[in-house]
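To start, the structure itself, in structure tokens.
None of the figures in this text is laboratory data; all of them are computed from the coordinates on show. Treat the numbers as computed from the prediction; the structure is a model and nothing was measured. Reconstructed Cβ throughout: ideal geometry from the backbone, glycine too, with neighbour counts over all protein chains shown.
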């Protein structure tokens, strides 16, 4: 009985062991089965996703091709509109043919530049689309499109709008406005009214729409027009494309319905392909890992070599220090800068061997403060280093924290520039600048003296002439012995006139001195409104004196329509005197029997910006200006006369340009030269002219 009990006990233990082993195996097989099922489910899901992505990609491609078709067709329509003649009697037949060939166009209009309808034609395939509400209901959209087309000098499209019809239906429509230009001038507009549904039906290839729906929508998804119906199916695929048109952007929406992918063919294909690809993938991954490791090692070697070459070629010294101030890295440029090898610099404690002994304590205190604060200056700071031979030189140090790959602050990185050459150049530049300023002051003094000597010749010559005339009158009166009251009164009147002229010219000389002084210092001259005749009357006495001396007849031509001009009276009078004197001297080489006429002409000028100008012209009958002289006529100190200084015309041009005008010259017919300049009328500000 005991043996039987022991055997049963052993049998029970063996069964328990077998049961445990079987349970464990069953669990492993169950786990393997679960993994296989998960793998199969994943493969099926991936296969379905792949097939869905293929369908979606095809739909996206079809939407892109449809958008391209629409843009291309609209461009061809624009070319067709260009071919329509704008003659009123010839416009309707080609427009009707165009509507017959393009069903998407509901109406063609020919409008004048003011957007008034000159002629129109409706599509022959349906009733007039504006029959119910009239064309005026969409006039604002047409006006906006045509304004945009005029700015772009090309076609422009309006936003879409809904146009109800008499049968209770309606269309979503938009207008295309095309400006008609002839030789750069706007002749009118061609306006084409499109139906959005017609564009979908006529402009998109039929093979793209088969089994799919095509629609135009707004940005928020509101449907504007629909064409076609999708095939029945449970899965919905949607693709959208933007149709960018000048002045408007339409959203083109493709919609397709497909049935779910078949189950068993995809699973069988996925199982075989996955098992095959799994083996290949393992080999591929091993090979790729080996190749990547070799590539990384190669790239690392190249990066180290490139960094070493870059550091060796730098002219800027690089220095790295740890948190205790010891140097951990220097580049060759820094070693060359201080004249010490890298072995004498690395891992050296403070003070550094390139610090000047007299400044070592100051530098050490500065380094202690910096290391204690754990910050570096945001900008570079200057310091002084010492070379191995004891030479001191200035440097610019730019320092930043040195951060390792884990973001820990391990020290400081410095870029050091030797600025000794820069300081030498700055000192030379400062010395040269001082010399240039002194030279400029001397040149300004010389320029003022030259201008004063040139401009004072005329008033001083006039004073001399009037004084000589006064002396001649007194001498003639004394020699004649005529002591009558009438003679004495005439002499007194003439002397008063002469003395007044002398005082006037003396005052004019003072104004010239002040004007030239302000001109040289580039101050703002005072300008006043003055009539052109007053300018001529002020200079005519001086011009008449020289004209009588040179046997020249002076003639004035003043247009009564000329308005008052805004100018510096003294400087403009001097310009008139200089030009008149040059004109009279240009006629001295003529034969005795040839006429010598100097004409002063003043007339208004109408400019393109509707601003008022007055033109002053001095016309002589001299021999003219040769081409080689004309090239440098306004060059300072260039002159063709022995007694001339060459500053007159240069000064005249500068004065006129300061007034906002232009000084020009041209040949006169049959001979001579015309010098002309313009001045602004009193109502036109100088700031506006110079801007």
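Here are the numbers for the structure shown:
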| quantity | calculated |
| --- | --- |
| Share of alpha-carbon pairs per 5 Å distance bin for the range 126-166, given as whole % | 6, 23, 24, 18, 14, 10, 4, 0 |
| Pairwise label distance in nanometres, residue 561 with residue 359, each label 7 Å out on the Cα-Cβ vector | 7.8 |
| Cα principal axis extents for the range 315-418, largest first, Å | 41, 26, 25 |
| Pairwise FRET efficiency - residue 426 versus residue 151, Cβ, R0 = 35 Å, nearest 0.05 | 0.05 |
| Residue 117/residue 183 FRET efficiency (R0 22 Å; Cβ-Cβ; nearest 0.05) | 0.35 |
| Paired Rg and Dmax values of the range 96-194, which use every Cα atom, in angstrom | 13.4, 46 |
| Ratio of the Cα radius of gyration of the range 526-690 to 2.2 N^0.38 Å, where N counts its residues | 1.03 |
| Least to most buried among 335, 567, 562, 146 (fewest other Cβ within 10 Å first) | 335, 562, 146, 567 |
| At q = 0.10 Å⁻¹, base-10 log of I(q)/I(0) for the range 71-258 (Debye sum, equal scatterers on each alpha carbon) | -0.42 |
| Cα pair distances exceeding 17 angstrom across the range 182-229, given as percent | 51 |
| The range 153-187 residues near the modelled residue 133 label - backbone nitrogen below 18 Å, point 7 Å along Cα→Cβ | 158-176 |
